[in-house]
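Notes follow the structure.
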Amino acid sequence: MVEENRRTSAGVSPDTLSVWAGEDASLVQGATQVPVVYSAAYGYPDVDAWLDVALGRAPGHVYSRNTNPTVHAFEEKVRALEGAAAATSFSTGMAAVSGTLFALLFPGDRVVSLKDTYGGTNVVFTEFLPRFGVEVELCETTDHEGIEAALADGCSLLYLETPTNPTLKVVDIVRLAAAGHAAGAIVVADNTFATPLNQNPLALGTDLVLHSATKFLGGHADVLGGVVCGSTELVGRIYHFREITGASLDPMAAYLLIRSMKTLHLRVARQNESALRIAEWLEAQPAVSVVNYPGLESHPQHDVAVRQMRGFGGVLSFGLEGGFEAVRRVLPRLRLAHRAANLGAVETVAGPPATTSHVECTAEERAAMGIPEGLIRYSVGIEDAGDLIADLGRALEDA
Ligand SMILES: Cc1ncc(COP(=O)(O)O)c(C=O)c1O
């Protein structure tokens, strides 16, 4: 559309895209905001017009499990921010993760991924994919040589996540995407922690990028969703799997996501800044054994993060000297944090991996993944950073 092209043409900043992109085709009757279209199906005056839309010869919608105007606007906004040719959405982030994997993999295929992927993703790798005859090799997350060696043994799909949940490890997307392609693999990256404002994996060489939209894209802890972006061909295959298996995004959820994404750049800028300040403060606290945040110079992959990220994100994690008992004491003393299994919200959210990212895993599995029981994942909200530091200071002191 002419108007849309003018607002979102090349050269427009991501901040502007957050506000304007993707919406024009879904606006109706002069409304400035995308409507929530709650219609299961779309009517046509004659069979020819209906067939044209059904066969993709004309724009439009047939049935909301497949496409819906509100959902389409959300997909278009993320597509623009990730610089992709195509995007498709899902009812949750895990539906996007599993839908992508099941759409693209066949029995006999081999997946290479990281030990530190999100807990739910890890369960898909260890429990469900092997059941369908897909071999999965999970490598030490930051052992790039080890990952390259695993790829050299053959690989259909390389699945990356960076920064990781909850230990904020960073992998070199450019290097691993090149190695994945040399092995003939499709390369996928979960960009949930970074957001499209801080990192664009497609521009760094991956074939697909996906998000749990529940997190920063939604930003207000009141909606679930997922989205995958990439080439028309790959996204088309994933869309086909989703339209048939049915984990479609609800139009109201899509509306909330569109509304939230209009402030994504403001929230992310604030969260980047506050998280760095809080991470630096935590590093100086005697009760804190370790601080994981890619923006810290002490972070083992800080140089890679500087190369591939524009900001380091709103999530950090820190270890307490006193282990899980200290977590038990400190968490209830935080006044300015929800103790909840979520992240990326306007309010600060804190929790241990045992009840958040790795709730699906046993204590033994967490230990095998190198996730200490004394760790707290801290997702920085948009509150005043000084207030958050004071809150953390009081909680550490009282405990
Ligand atoms: C990195 C990452 N990917 C995927 C997911 C799954 O998203 P959802 O909870 O929306 O299914 C999460 C959830 O915490 C996550 O942190």
| Going through region 353-370 one residue at a time, which ones are open to solvent by less than 10 Å² (accessible area, probe 1.4 Å) and modelled with pLDDT of 80 or more? | Pro353
| message | I need a count of the residues in region 174-197 that are out of contact with any Cys (no Cβ under 6 Å at 6 or more places or on another chain) and open to solvent by 30 Å² or more (accessible area, probe 1.4 Å). | response | 7
| Residue check, Ala49 among the small types (Gly, Ala, Ser), farther than 22 Å from Leu27 by Cβ and either surrounded by 15 or more Cβ atoms within 10 Å (Cβ to Cβ) or modelled with pLDDT of 95 or more (or both) | no
| Looking at region 64-87, which of its residues are assigned to a loop (DSSP other than H, G, I, E, B), surrounded by fewer than 24 Cβ atoms within 10 Å (Cβ to Cβ) and either out of contact with any strand residue (DSSP E or B) (no Cβ under 9 Å at 6 or more places or on another chain) or among the β-branched types (Val, Ile, Thr) (or both)? | Arg65, Asn66, Thr67
| query | Of everything in region 350-383 that's assigned to a loop (DSSP other than H, G, I, E, B) and free of Cβ contacts under 8 Å to residues at least 40 places away in the same chain, which residue is nearest to Ser260 (Cα to Cα)? | reply | Pro352
| field | Hits in region 249-265 - residues which are within 15 Å of the ligand (Cβ to nearest atom) and either open to solvent by 30 Å² or more (accessible area, probe 1.4 Å) or out of contact with any helix residue (DSSP H, G or I) (no Cβ under 9 Å at 6 or more places or on another chain) (or both) | value | Asp250, Leu256
| said: Consider region 337-349. How many of its residues are within 14 Å of the ligand (Cβ to nearest atom) and either in a strand (DSSP E or B) or buried (at least 23 other Cβ atoms within 10 Å of the Cβ) (or both)? | reply: 4
| note | Residue hits (region 198-233; assigned to a helix (DSSP H, G or I) and buried (at least 22 other Cβ atoms within 10 Å of the Cβ)) are Asn198
| message | I'm checking my understanding of the structure. Among residues of region 146-172 that are without any contact (Cβ under 8 Å) to a residue 40 or more places away in the chain and small (Gly, Ala, Ser), which one is least open to solvent (accessible area, probe 1.4 Å)? | response | Ala150
| message | Looking at region 234-248 only, could you name the residues that are open to solvent by 10 Å² or more (accessible area, probe 1.4 Å), more than 10 Å from Ser89 (Cβ to Cβ) and in contact (Cβ under 8 Å) with a residue 12 or more places away in the chain? | response | Leu234, Gly236, Arg237, His240, Phe241, Glu243, Thr245, Gly246
| remark: When region 202-240 is checked residue by residue, the ones that are within 21 Å of Met309 (Cβ to Cβ), more than 13 Å from the ligand (Cβ to nearest atom) and touching a strand residue (DSSP E or B) at 6+ places or on another chain (Cβ under 9 Å) are Leu202, Leu204, Gly205, Thr206, Asp207, Leu208, Cys229, Gly230
| task | Determine, yes or no, whether Leu282 is open to solvent by less than 30 Å² (accessible area, probe 1.4 Å), touching a helix residue (DSSP H, G or I) at 6+ places or on another chain (Cβ under 6 Å) and closer than 26 Å to Ala341 by Cα. | result | no
| field | Residue satisfying all of: in region 88-129; of a type in the set (S, T, N, Q), open to solvent by 20 Å² or more (accessible area, probe 1.4 Å) and in a loop (DSSP other than H, G, I, E, B); farthest from the ligand (Cβ to nearest atom) among these | value | Ser91
| message | Quick check on my filter: what residues within region 130-157 are within 16 Å of the ligand (Cβ to nearest atom) and of a type in the set (S, T, N, Q)? | response | Thr141
| message | So, Phe132, is that one open to solvent by 30 Å² or more (accessible area, probe 1.4 Å) and in contact (Cβ under 8 Å) with a residue 40 or more places away in the chain or not? | response | no
| remark: Expected single match for open to solvent by less than 30 Å² (accessible area, probe 1.4 Å), in a loop (DSSP other than H, G, I, E, B) and closer than 21 Å to Met252 by Cα among Gly60, Gly22 is Gly22
| query | Is at least one residue of region 297-320 surrounded by 15 or more Cβ atoms within 10 Å (Cβ to Cβ) and on the phi > 0 side of the Ramachandran plot? | reply | yes
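The values are calculated or read from the model by the stated rules, or taken from the named source; none is laboratory data. Given the structure is predicted, the values throughout are model-derived calculations rather than measurements. FYI the Cβ positions are ideal-geometry reconstructions off the backbone, even for glycines, and counts take in every protein chain you see. The area values use the complete protein model at the heavy-atom level, side chains included, leaving out ligands, DNA and RNA. Shrake-Rupley method; radii C 1.70, N 1.55, O 1.52, S 1.80 Å.
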